[in-house]
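The values are calculated or read from the model by the stated rules, or taken from the named source; none is laboratory data. Since the model is a prediction, treat every value here as computed from it, not as a measurement. Cβ placement follows ideal geometry from the backbone for every residue including glycine, while neighbour counts extend to all protein chains displayed. To get the accessible areas, we keep the full protein, side chains included, count just its heavy atoms, and leave off ligands, DNA and RNA. Shrake-Rupley method; radii C 1.70, N 1.55, O 1.52, S 1.80 Å.
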Amino acid sequence: MIGCYSTAVLNTRLDDQKQWQNAFTCGEWMVVSNLTASVIGDFMLHHYYSSLYDDYPDRFSAHTRIAQAGLVGCFVGVAYCQVTSRILHQGIIGSLAGVVGIVIGFLEMTLGLPSTSQKDWLRCTPRSIQWLLKFLSNEVRVEIGDSVVHFQRYAILGYWGLVLIASIPSTMKLCKWVEADEAMKKRRVVLARKFFHFVAVILFTPITWIDSDMMALSYAIATTLLMILEIIRCYSFGEEHGSISLSLNSFYTIFLDEKDSLAADGGLAITHITLIVGCAMPLWVTQIVNVTDESNSLVHLLPFVGVLVLGIGDSAGAIAGIKFGSHPWPGGSSRTLEGSLCMFVSIFALLYFVCFDDLFKVGTVLAIVTLFEASTSQIDNLCLPLAGTSLVVLFAA
């Protein structure tokens, strides 16, 4: 009900806020609003009952609660940013300070008051910082064949940093390549965007396997940071807010496709955020519903559904469709039979190569998701992982 009301408000009362109203279609707003309302509603109910009952059980782990608190704080902070910028005419610095302050406030509320036995300097340090440092210092145990490797989570941050640094030269070359030929720019943008899907596969897949708790929390942090960057980019449009904001806006503009077309005129760019959310959604569902049936092979597949569908299948399908596609699907779809076939085969072949069990169920799920991708006009990064997750959970049950 809350999600439906939010959709109605966004489509009727924000006529002068086109960057919000047109960021998603009405159906996409329904999905986003309901998911957001579910996250906020569960957060509020948990804290309400926790305040009533001291022994109220928490079915979520600590890192899941922290991730939820950060996302809820970010949602509230973004709403605050919109209100203060429109009513109080607050600048970007004040709005960002408000968002960061609200996020930290929600995290502190979730972690509770500091212990009186702590040292003075620890009591002055935000509990969220203390918790994060302790979380990162925990050791991860990984079995590789007959050997066991132990390392702290700081090593994962180092791995991500190396991958991102290594991707910078290719990103800069793609910027020049996209803008070199105006006639082919639309196709080149699609191909260039799939490079970021490939980077996502390298970043997310091994860590999801090695340390799913770290990956689940990192997805929430990345989503929050991207939302804050989007606030900076939107503020920079048409105004003088420094070279960082303007460079960020110029970089985004190069890789905009038709789903983010309004971002070039000051609207929201949301497909990069939905890429993170789409990869994260199956893992979050796995941890929230606490799936522990080790004998069911689909349970092992569920955390990787988003990365497989978006990073492997959607990327392979788009590249094959542009390079070799000549038979479009009936009904006016922009997808081609060749691209859809390549999407299905790429994921199925990968799972077959890693000796995944129950290929019949997997093939059925992939066939439905492939047909869904070929027929939908919605944002792939959002709807494909949602469909794939629902199907895997259904077949696993």
Self-check item: Gain upon complete extension [Asp357, Val39; 0.36 nm per residue less C-alpha separation]
Solution: 111.1 nm
Quiz item: Which FRET efficiency value, to the nearest 0.05, is calculated for Leu52 and Glu143 with the Förster distance at 35 angstrom and r the Cβ-Cβ distance?
Solution: 0.25
Quiz item: Accessible area, 1.4 Å probe, largest first: how do Glu108, Glu373 sort?
Solution: Glu108, Glu373
Self-check item: Cα-Cα pairs of the stretch 127-254 separated by more than 22 Å (percent)
Solution: 54 percent
Quiz prompt | Whole-angstrom gap from the stretch 306-331 to the stretch 357-397, using each part's C-alpha centre | solution = 14 Å
Self-check item: Shape of the stretch 312-397, Cα gyration tensor, a/c cut at 1.5
Solution: oblate
Self-check item: Virtual spin-label span in nm between Cys26 and Asn290, 7 Å along Cα→Cβ
Solution: 4.0 nm
Practice problem: Would you mind calculating the gained length between Ser61 and Phe151 on full extension (0.36 nm times residue separation, minus the Cα-Cα distance), in nm to one decimal? | Solution: 30.3 nm
Quiz prompt | Spin-label pair Met109/Arg187, simplified geometry with 7 Å Cα→Cβ offset, distance in nm | solution = 5.2 nm
Exercise. Give the ranking of His272, His197 by solvent-accessible surface, highest area first, calculated with a 1.4 Å probe.
Key: His272, His197
Self-check item: Percent accessible area from carbon and sulfur atoms, the stretch 341-393, protein chains only, probe 1.4 Å
Solution: 77 percent
Quiz item: What percentage of the solvent-accessible surface of the stretch 28-83, computed with a 1.4 Å probe over protein heavy atoms, is contributed by carbon and sulfur atoms?
Solution: 66 percent
